[in-house]
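Working notes for the structure below.
No lab work stands behind these numbers, since they all come straight from the coordinates. Computed from a predicted model, the values in this text were never measured in an experiment. Quick reminder, even Gly has a Cβ in these numbers, built from the backbone with ideal geometry, and neighbours come from all protein chains shown.
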Amino acid sequence: MIVILGSTGSIGVNTLQIASRFDIKIEALVAGNNVDLLNKQIAAYKPKFVAIGSCQDRHKVDHTKVFCGEDGIIELLSLCQSQIIVNALVGYAGLRPTLESIKLGKKVALANKESLVVAGHLLDISCITPIDSEHFGLWYLLNHRPFNKLYITASGGAFRDWELDKIEKASFADALKHPTWSMGDKITIDSATMTNKLFELLEAKWLFDTNNIDAVIEKKSIVHALAEFRDGSTTAHIANVDMKLPIAFALKGEISEEILKPIDILGMGTIEFLPIKSDRYPIWQIKDHLLNNPHLGVVVNAANEEAITAFKNNHCSFFGMSDIVLKAYKYFENVQPQTIEDIVQINNEVRKYVKS
């Protein structure tokens, strides 16, 4: 029995498919504003509880026990008996449910990057299993062997092949045309700026207790992670693009049957790894500093979310988003959040600074 936060997104939909395959019951579903899909999920999976983003939509939901907003999610979690909470909420909104789930003694199958980015130093990592192809790939490779360095891969995003002068004029719609994945707006924009990969490096720092982590571009999105071991060997995790594999492991612990079709080795063609350059991805220039000062993740996340809104509303250019984040990062570089209350305060201050 599980709870799914973010059931109408791509991770949520894939989680429900895995749940159906392995006969895992759904105790609760939490969605944002896609009530039509939520109602279809309610009819199919018959959850005991449901939560949605806004109370204004409560009357549209085909269920008798509907909670609303962030407080509603927290109340729902307190009532659930499930020992696994799948957190696929998007953005900073996913932090409080992660904290509450851990407080309640639950295991968190985490697809909400921002929880670790913002508060990794305050979370009990032993309670978290990542739902992410890159981190799943690293876990799959390591098997407790001593390593020198870890690598995750990036697709390069919507503008990886554009000329630099054209990127400056790119629209929000242009940035949503991801070459490999079909995802929500925020993560697709983050992929185009490489902020998403910066976040994944921070996640890997906490999950694997290392700063020896980097990212490279692999355009086919077939190689998800590489591990360089102390014996001099390097291994790669290769799999088709499908989130069902890490989800299945997160829910079941170990899988011994086929989840994905194996890669056609002869048909996949040439694999190439390319560096991530800061002229195309300006946010990358703070990578090393952020890994050494991971408590600043709250600054990057808050500024980034506000910058995306500005770009969407035509208040800045594509590269302007990175300018906003880098400026905020410099302005708040001396903050030292020690508690969740500190993080909430800094988050609010950064957003106020960016908006002004």
State the answer as a single residue: which of Asn143, Leu176, Val223 lies farthest towards the positive end of the charge dipole of the range 136-226, with beta carbon charges of +1 for Lys and Arg and -1 for Asp and Glu, about the Cα centre. Asn143
Taking the Cα centre of the chain as the origin and placing charges on Cβ (Lys, Arg +1; Asp, Glu -1), which of Ile18, Ile167, Val50 is farthest toward the positive end of the dipole? Val50
Per-residue counts of other Cβ atoms within 10 Å, averaged by peptide: what ranking do you get for 95-102, 335-342, highest first? 95-102, 335-342
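Grab the Cα-Cα distance for Phe22 and Ile340, subtract it from 0.36 nm times how many residues apart they are, and report the gain in nm with one decimal.
Values: separation 318, 0.36 × 318 = 114.48 nm, distance 3.65 nm.
Length gained, Phe22 through Ile340: 110.8 nm.
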Could you work out, for the range 1-118, what percent of all Cα-Cα pairs fall into each 10 Å distance bin, beginning at 0 Å and stopping at the bin that holds the largest distance? 15, 53, 30, 2
The chain - percent relative contact order, Cα under 8 Å, separation 6 or more: 15 percent
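Per-residue ellipticity at 222 nm for the chain, helices alone: DSSP H runs ≥ 4 residues times -39500 (n - 2.57), over residue total, nearest 500 deg cm²/dmol? Numbers along the way, then the final one.
Details: 15 runs with 152 residues, N = 356.
Using -39500 (n - 2.57) per qualifying helix, the result is -12500 deg cm²/dmol.
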Using a ≥ b ≥ c from the Cα gyration tensor of the range 254-356 (square roots of the eigenvalues), is it rounded, prolate or oblate, where a/c under 1.5 gives rounded and otherwise the larger of a/b and b/c decides, a/b for prolate? prolate
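Provide the net charge surrounding Asn304, with neighbours chosen by a C-beta distance below 10 Å and charges set as Lys +1, Arg +1, Asp -1, Glu -1.
Details: positive: Lys186; negative: Glu114, Asp190, Glu305, Glu306.
For residues surrounding Asn304, the net value is -3.
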Are there cysteines in the chain with no other Cys C-beta under 4.7 Å, and if so, which? Cys80, Cys127, Cys316
Dipole moment magnitude, nearest 20 debye, the chain about Cα centre, only Lys, Arg, Asp, Glu C-beta charged: 480 debye
Mean-position separation - Cα centroids, the range 289-356 and the range 209-271, in angstrom: 31 Å
Could you please state, rounded to a whole Å, how far the C-alpha centre of the range 83-110 is from the C-alpha centre of the range 1-21? 14 Å
Take the Cα coordinates of the chain, assign each an equal point scatterer, and use the Debye formula without solvent to give log10 I(q)/I(0) at q = 0.08, 0.10, 0.11, 0.13 Å⁻¹. -0.38, -0.61, -0.75, -1.07
Work through the residues other than Asn39 whose Cβ is under 13 Å from its Cβ and net out their charges, Lys, Arg +1 and Asp, Glu -1. +1
Flagged links, alpha-carbon separation over 20 Å, of Lys330/Lys355; Lys327/Lys352; Lys48/Lys186; Lys177/Lys261; Lys166/Lys330: Lys48/Lys186; Lys177/Lys261; Lys166/Lys330
Using Cα pairs closer than 8 Å and at least 6 residues apart in sequence, work out the relative contact order for the range 2-130, in percent. 22 percent
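Does the range 89-244 come out rounded, prolate or oblate by the C-alpha gyration tensor, with a ≥ b ≥ c the root eigenvalues, rounded set by a/c under 1.5 and, if not, prolate when a/b is larger than b/c and oblate if not? Please report the intermediate quantities before stating the final value.
Working: a/c = 2.06, a/b = 1.20, b/c = 1.71.
Verdict is oblate for the range 89-244.
Using the Cα centre as the reference, give the magnitude of the dipole from point charges on the C-beta atoms of the range 1-104 (Lys, Arg: +1; Asp, Glu: -1; all else neutral), rounded to the nearest 20 debye.
Numbers: 10 positive and 9 negative charges, 42 e Å.
Value, rounded to 20: 200 debye.
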Would you work out which of Ile263, Thr195, Asn293 lies farthest towards the positive end of the dipole of the range 194-347, given +1 charges on the beta-carbon of Lys and Arg and -1 on that of Asp and Glu, about the Cα centre? Thr195
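Counting Lys and Arg as +1 and Asp and Glu as -1, each charge on the Cβ, what is the dipole of the range 183-262 about the Cα centre in debye, to the nearest 20?
On the way: 9 positive and 13 negative charges, 38 e Å.
For the range 183-262, the charge dipole is close to 180 debye.
Between beta-carbons, use under 10 Å as the cut-off and find the net charge around Ala154, counting Lys and Arg +1, Asp and Glu -1. All intermediate terms of the calculation are to be shown ahead of the outcome.
Values: positive: Arg160, Lys197, Lys219; negative: Glu134, Glu200, Glu218.
Neighbour charge sum, excluding Ala154 itself: 0.
Which shape class, rounded, prolate or oblate, goes with the range 235-287 when its Cα gyration tensor gives a ≥ b ≥ c as root eigenvalues, a/c under 1.5 marks rounded, and past that a/b bigger than b/c marks prolate?
Numbers: a/c = 3.57, a/b = 1.61, b/c = 2.22.
Oblate shape, in that a/c is at least 1.5 and b/c is the bigger or equal ratio.
Give me the number: length gained by fully extending Asp323 to Asn348, i.e. 0.36 nm times residue separation minus the C-alpha to C-alpha distance, one decimal in nm. Write down the numbers at each step before the final one.
Values: separation 25, 0.36 × 25 = 9.00 nm, distance 1.92 nm.
Gain on extension, Asp323 to Asn348, equals 7.1 nm.
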